[in-house]
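The values are calculated or read from the model by the stated rules, or taken from the named source; none is laboratory data. Everything numeric in this text was worked out from a predicted model, so none of it was measured. Because the Cβ atoms are built from the backbone with ideal geometry, glycine has one as well, and the counts that use them run over all protein chains shown.
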Amino acid sequence: MSSLLVDNIGELVTNGAGEGPLGIRRDAAVLVEEGRVAWVGPSAYAPAADRRLDAGGAAVLPGFVDSHAHLVFAGDRATEFAARMAGQPYTGGGIRTTVGATRAATDNELRATVRRLRGEALRQGTTTMEIKSGYGLTVADEARSLRIAAESSTETTFLGAHVVPAEYADRPDDYVSLVCGPMLGAATPYAKWVDVFCERGAFDVDHARAILACGQAAGLGVRIHANQLGPGAGVRLGVELDAASVDHCTHLGDADVDALAGTAHSDGSGTRTVATLLPGAEFSTRSPYPDARRLLDAGVTVALATDCNPGSSYTSSMPFCVALAVREMRMTPAEAVWAATAGGARALRRDDIGVLTPGARADLVVLDAPSYLHLAYRPGVPLIRQVMRNGVTP
Ligand SMILES: [Zn+2]
């Protein structure tokens, strides 16, 4: 059994036992055995190991958990972005542009895009990345999107209900039947989760409930795009269906916040349904940011994710999202780093990632900085010195 000791860590973020909400330990070391964290403690008392990685006094934190990304697509929408920056509003309608390009692409073209973006994210410290379908919107194209996604992640999400495709524009009920029937059947072997874009112009709450309930009956976990472009019942629907996460949460009323807070675990460890905030989308659509403080103050567990997609948020960078959350959503650096690691893990109902405690997967990031604070303090700077997944450098 080969072991690795990462020692001389100036500041270790464990998200477990330690100082403050991030469970910080100073002058620490982490012993890795068989891809798992075997021991965490003071560097001076570290056990012997076969190999050693000297962190040189730098900060080490769990790899980022990006719980919301759309990587299976073709083409880009840079001109749409430019038009938006020149004053045109975002409506979500551009998704159909990407659907056309995705349907026309070969498997290998889609695969190359997923791998390129997954690699890009990994170099920025993302060790777990959820990947959604949703640009195929036919039985065959959704199935192949998920098959290709599953080559790069175990956290795959069926989003056949992204928008109603043009050929079903005047008969959305028929499209919902297709999604709940043959499309779900073809998607299920490759998917862990089901998701719906519940929004005006996409799927209303009754259609969303029907699709999520079908997915749940087929054994998939529930997540939902909700309350992004305006107020609505999506967040409450997510709570009703025990969603792992309600994503976006840009336009919330008191009833939405109360519903999320009502899913709190009795042991004070946060809420069962996580609010996943995607500030890259507000940045790229020049929209008001979600009110993170209101959620945090109500005791709601918050995650941060990229929403990486070619239309509304073409970033794969979790450090960028951390910086946005701190600067634009008034999260503290500690809250933002927790939300980008442990929070993302909660949003995927995982307890083996997003933490560096004994038994967890040895997914970690060595920063080119003495503290996690630098992720927000030095935005746009490549601070990820080394990434390790399952105890090895990918
Ligand atoms: Zn999304």
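To keep it simple, each residue is scored yes or no on (1) surrounded by 24 or more Cβ atoms within 10 Å (Cβ to Cβ); (2) more than 24 Å from ARG349 (Cα to Cα); (3) out of contact with any Asp or Glu (no Cβ under 9 Å at 6 or more places or on another chain).
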| residue | (1), (2), (3) |
| --- | --- |
| ARG147 | no, no, no |
| PHE158 | yes, no, no |
| PRO165 | no, yes, yes |
| TYR168 | no, yes, no |
| ASP174 | no, yes, yes |
| SER177 | no, yes, yes |
| LYS192 | no, no, no |
| VAL196 | yes, no, yes |
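Restricting attention to segment 278-290, does a residue exist that is buried (at least 24 other Cβ atoms within 10 Å of the Cβ), touching a residue at least 12 places away in the same chain (Cβ under 8 Å), in contact with a strand residue (DSSP E or B) (Cβ under 6 Å, 6 or more places away or on another chain) and among the hydroxyl-bearing types (Ser, Thr, Tyr)?
no
If ALA275 satisfies all but one of (1) farther than 12 Å from GLY299 by Cβ; (2) small (Gly, Ala, Ser); (3) buried (at least 19 other Cβ atoms within 10 Å of the Cβ), what's the number of the condition it fails?
Condition not satisfied by ALA275: (1).
Please go through segment 352-374 and give me each residue that is closer than 19 Å to GLU33 by Cβ and touching a helix residue (DSSP H, G or I) at 6+ places or on another chain (Cβ under 9 Å), ordered by number. So that I can check it myself, show each step before the final result.
Taking segment 352-374 first, the residues closer than 19 Å to GLU33 by Cβ are 352-353, 355-364, 366.
Residues satisfying the conditions are ASP352, ILE353, VAL355.
Is it the case, given these coordinates, that SER2 is among the hydroxyl-bearing types (Ser, Thr, Tyr) and surrounded by 15 or more Cβ atoms within 10 Å (Cβ to Cβ)?
Details: among the hydroxyl-bearing types (Ser, Thr, Tyr): yes; surrounded by 15 or more Cβ atoms within 10 Å (Cβ to Cβ): no.
No.
For segment 127-176, name all the residues that are part of a helix (DSSP H, G or I), closer than 14 Å to TRP193 by Cα and among the hydrophobic types (A, V, I, L, M, F, W, C).
ALA143, LEU146, ALA149, ALA150
With ALA226, ALA143, ALA166, ALA149 as the choices, which residue is touching a residue at least 40 places away in the same chain (Cβ under 8 Å), of a type in the set (Gly, Ala, Ser) and in contact with a strand residue (DSSP E or B) (Cβ under 8 Å, 6 or more places away or on another chain)?
Values: ALA226 fails: touching a residue at least 40 places away in the same chain (Cβ under 8 Å); ALA143 fails: in contact with a strand residue (DSSP E or B) (Cβ under 8 Å, 6 or more places away or on another chain); ALA166 fails: in contact with a strand residue (DSSP E or B) (Cβ under 8 Å, 6 or more places away or on another chain).
Selected residue: ALA149, the only one of ALA226, ALA143, ALA166, ALA149 that is touching a residue at least 40 places away in the same chain (Cβ under 8 Å), of a type in the set (Gly, Ala, Ser) and in contact with a strand residue (DSSP E or B) (Cβ under 8 Å, 6 or more places away or on another chain).
What pairs come out if I take residues in segment 367-378 that are of a type in the set (A, V, I, L, M) and pair them with residues that are part of a loop (DSSP other than H, G, I, E, B) whose C-beta lies under 8 Å away, six or more apart or interchain?
The qualifying pairs are LEU367/ALA58; LEU367/LEU383; ALA369/ALA58; ALA369/ARG378; ALA369/LEU383; LEU375/ALA369; LEU375/LEU383.
Conditions (1) at pLDDT 95 or above; (2) more than 16 Å from the ligand (Cβ to nearest atom); (3) not hydrophobic (A, V, I, L, M, F, W, C), marked per residue:
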{"site": "ALA161", "(1), (2), (3)": "yes, no, no"}
{"site": "MET183", "(1), (2), (3)": "yes, yes, no"}
{"site": "VAL205", "(1), (2), (3)": "yes, yes, no"}
{"site": "ALA208", "(1), (2), (3)": "yes, no, no"}
{"site": "CYS214", "(1), (2), (3)": "yes, yes, no"}
{"site": "GLY219", "(1), (2), (3)": "yes, yes, yes"}
{"site": "ARG223", "(1), (2), (3)": "yes, no, yes"}
{"site": "GLN228", "(1), (2), (3)": "no, no, yes"}
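Let's see how each residue does on (1) under 17 Å from HIS162 (Cα atoms); (2) under 23 Å from the mean Cα position of the chain (by Cα); (3) surrounded by 16 or more Cβ atoms within 10 Å (Cβ to Cβ):
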| site | (1), (2), (3) |
| --- | --- |
| VAL65 | no, yes, yes |
| PHE73 | yes, yes, yes |
| ALA83 | no, no, no |
| ILE95 | yes, yes, yes |
| THR98 | yes, yes, yes |
| THR106 | no, no, no |
| LEU110 | no, yes, yes |
| ARG116 | no, yes, no |
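Consider segment 306-322. How many of its residues are more than 9 Å from the ligand (Cβ to nearest atom) and of a type in the set (Gly, Ala, Ser)?
Taking segment 306-322 as the starting set, the residues that turn out to be more than 9 Å from the ligand (Cβ to nearest atom) are 306, 310-311, 314-322.
Restricting the remaining residues to those that are of a type in the set (Gly, Ala, Ser) gives 311, 316-317.
The number of residues fulfilling the criteria is 3.
Pick from segment 261-281 the residues that are over 16 Å from the mean Cα position of the chain (by Cα) and outside any loop (DSSP other than H, G, I, E, B): which of them is farthest from the ligand (Cβ to nearest atom)?
For segment 261-281, the residue satisfying everything is ALA264.
Can you tell me which residue among ALA303, ALA339, ALA325 is crowded, with 24+ Cβ neighbours inside 10 Å and within 16 Å of the ligand (Cβ to nearest atom)? I'd like the intermediate steps shown before the answer.
Values: ALA339 fails: within 16 Å of the ligand (Cβ to nearest atom); ALA325 fails: within 16 Å of the ligand (Cβ to nearest atom).
That would be ALA303, the only listed residue that is crowded, with 24+ Cβ neighbours inside 10 Å and within 16 Å of the ligand (Cβ to nearest atom).
Consider ALA243 carefully, then state whether it is under 17 Å from PHE158 (Cα atoms), within 16 Å of the ligand (Cβ to nearest atom) and touching a Cys at 6+ places or on another chain (Cβ under 8 Å).
Here the answer is no, as ALA243 does not meet what is asked.
So which of GLY56, GLY87 ends up being away from the ligand (no atom under 16 Å from the Cβ), farther than 22 Å from TRP338 by Cα and in contact (Cβ under 8 Å) with a residue 24 or more places away in the chain?
Working: GLY87 fails: in contact (Cβ under 8 Å) with a residue 24 or more places away in the chain.
After applying the criteria, what remains is GLY56.
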